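Inspection log for the structure reproduced underneath, given as structure tokens.
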């Protein structure tokens, strides 16, 4: 027993030292196997706002952080498995009224073993305000003037006001929703859907609010003054164009003019105003004139519309004609003779009627080219030569048969004779 106690007494310090060092040895072994990481988590964590009192709204009139960044200490295995959803960051707004606050971020990390070393930022500045809803009138600015002789009538809007929703501080600044319409040179109603802009008393836009609707349907009625009347111009032609020609178009610039005068005189006018007659008798080409308008001396044409340009387009009447022509031969070798079948070819020509009425069959040539062809029967497509201005529409038949025969060689007796 004394020997055992003596051994225990002599070895007790070593045993105590071994017990003290054992955890450290274990930690070193674990650290080498799964080292500890102290780094900032690479993804920011969004801050969630909770407990916002009813009727209150967060006003972003101050620059506030919407995310926090976590610095974490954790083993490599835990660090590699961390995700954004393992973190939470929130601010409780319960019981707060209007004003600006420095609110502390409440956070958690649901992943063990790990430890949060730092959260940045630790607090956030934000403003709260009561949310209000109010009606604001719509004001549409009508710009420009209608065309001469036309009047602008009262603007028609639908709707006449917008509903503004937002923080009280900003929503109460809204005085009107504005849009702009141009009626410059308009002679008919101007209408459409126009975008609105919310403005304060100084004409500036207002942040942090929404409004509905964002467009307005507007119509500006445009009516002609009773002292003015717009009438289309009717062109009067005198005479007949040359035989075989026709009028294809009549253009007037401007097509209508505006007259000024007493309302009763203007009302008595027909629904048009005529030009003085334009002579086209025997004409074969376009006519361009500036005729005088046949109007009453009691009315006048508004300035700038006194000169009217009229263009009468004239062209030859198009027709067609069939001629039968005997084909001619080119390129036949002297030692051959040729027979053509049929002996005439039917050609249909189209063009101006005056040209066709004076056309003779000899004015049209049909050529069969036989260059280099040997004896035998050949189908040849004829070459048609028509007078200038006429078009070949059809050839019947499309090919002609040509029989080429060699001439007999004279005998010596025949040569002597």
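The values are calculated or read from the model by the stated rules, or taken from the named source; none is laboratory data. The structure displayed is predicted, hence computed values, not measured ones. A quick note on method: Cβ atoms are made from the backbone with ideal geometry, for glycine too, and the neighbour counts reach across all protein chains shown.
So residue 311 passes all but one of these: (1) modelled with pLDDT of 90 or more; (2) assigned to a loop (DSSP other than H, G, I, E, B). Which condition number does it fail?
For residue 311, the failing item is (2).
Condition (residue is exposed (fewer than 12 other Cβ atoms within 10 Å of the Cβ), on the phi > 0 side of the Ramachandran plot and in contact (Cβ under 8 Å) with a residue 40 or more places away in the chain) applied to segment 332-345: is it met by at least one residue?
No, the conditions are met nowhere in segment 332-345.
For segment 97-113, how many residues meet the condition of being over 12 Å from residue 49 (Cα atoms) and part of a loop (DSSP other than H, G, I, E, B)?
Of the residues in that region, 6 qualify.
Looking at (1) crowded, with 16+ Cβ neighbours inside 10 Å; (2) farther than 30 Å from residue 263 by Cβ, which is the one condition that is false for residue 149?
Of everything listed in (1) crowded, with 16+ Cβ neighbours inside 10 Å; (2) farther than 30 Å from residue 263 by Cβ, residue 149 misses just condition (2).
Filter segment 347-371 down to residues that are assigned to a loop (DSSP other than H, G, I, E, B) and modelled with pLDDT under 90 and give me whichever is farthest from residue 328 (Cα to Cα).
Of everything passing the filter in segment 347-371, 358 is farthest from residue 328 (Cα to Cα).
Scan segment 257-267 residue by residue and report those that are farther than 14 Å from residue 306 by Cβ and surrounded by 12 or more Cβ atoms within 10 Å (Cβ to Cβ).
Across segment 257-267, the qualifying residues are 261, 262, 263, 265, 266.
Filter segment 43-86 down to the residues that are under 20 Å from residue 126 (Cβ atoms) and in a strand (DSSP E or B) and list them by number.
Once the filter is applied, which keeps residues that are under 20 Å from residue 126 (Cβ atoms) and in a strand (DSSP E or B), segment 43-86 yields 45, 46, 48, 49, 50, 56, 57, 58, 59, 67, 68, 69.
Determine whether segment 118-128 contains at least one residue that is over 30 Å from residue 71 (Cα atoms), outside any strand (DSSP E or B), touching a residue at least 12 places away in the same chain (Cβ under 8 Å) and out of contact with any strand residue (DSSP E or B) (no Cβ under 6 Å at 6 or more places or on another chain).
Looking through segment 118-128, none of the residues is over 30 Å from residue 71 (Cα atoms), outside any strand (DSSP E or B), touching a residue at least 12 places away in the same chain (Cβ under 8 Å) and out of contact with any strand residue (DSSP E or B) (no Cβ under 6 Å at 6 or more places or on another chain).
Given the conditions (1) at pLDDT 90 or above; (2) more than 30 Å from residue 234 (Cβ to Cβ); (3) not in a loop (DSSP other than H, G, I, E, B), report the number of the one that residue 387 does not fulfil.
Looking at each condition in turn, residue 387 falls short on (3).
Taking the condition in a loop (DSSP other than H, G, I, E, B), in contact with a strand residue (DSSP E or B) (Cβ under 9 Å, 6 or more places away or on another chain) and not assigned by TED's automatic domain parsing to the domain that holds residue 55, does residue 94 pass?
In short, no.
What strands (runs of 3 or more DSSP E) lie completely within segment 141-259 and have 1 or more residues being touching a strand residue (DSSP E or B) at 6+ places or on another chain (Cβ under 8 Å) and closer than 30 Å to residue 299 by Cβ?
150-152, 190-195, 215-220, 222-224, 228-234, 245-253
What pairs can you find where one residue is in segment 233-251 and farther than 19 Å from residue 275 by Cα and assigned by TED's automatic domain parsing to the domain that holds residue 292, the other is in a loop (DSSP other than H, G, I, E, B) and modelled with pLDDT of 90 or more, and their Cβ atoms are less than 6 Å apart, with a gap of 6+ or different chains?
Matching pairs, first to second residue: 242/282; 242/284; 245/284.
List the number of the failed condition for residue 322; all other conditions in (1) farther than 30 Å from residue 403 by Cα; (2) more than 38 Å from the chain's Cα centre (by Cα) hold.
(1)
Might you check whether a residue that is over 19 Å from residue 354 (Cα atoms), modelled with pLDDT of 90 or more and surrounded by 12 or more Cβ atoms within 10 Å (Cβ to Cβ) occurs anywhere in segment 281-289?
Yes, segment 281-289 contains at least one residue that is over 19 Å from residue 354 (Cα atoms), modelled with pLDDT of 90 or more and surrounded by 12 or more Cβ atoms within 10 Å (Cβ to Cβ).
What about residue 266, is it touching a helix residue (DSSP H, G or I) at 6+ places or on another chain (Cβ under 7 Å), outside the structural domain of residue 197 (by TED's automatic domain parsing) and within 30 Å of residue 181 (Cβ to Cβ)?
So residue 266 does not fit the description; no.
Give the residue that is farthest from residue 336 (Cα to Cα), with candidates limited to residues of segment 370-398 that are buried (at least 16 other Cβ atoms within 10 Å of the Cβ) and touching a residue at least 40 places away in the same chain (Cβ under 8 Å).
Ranking the candidates gives 390 first.
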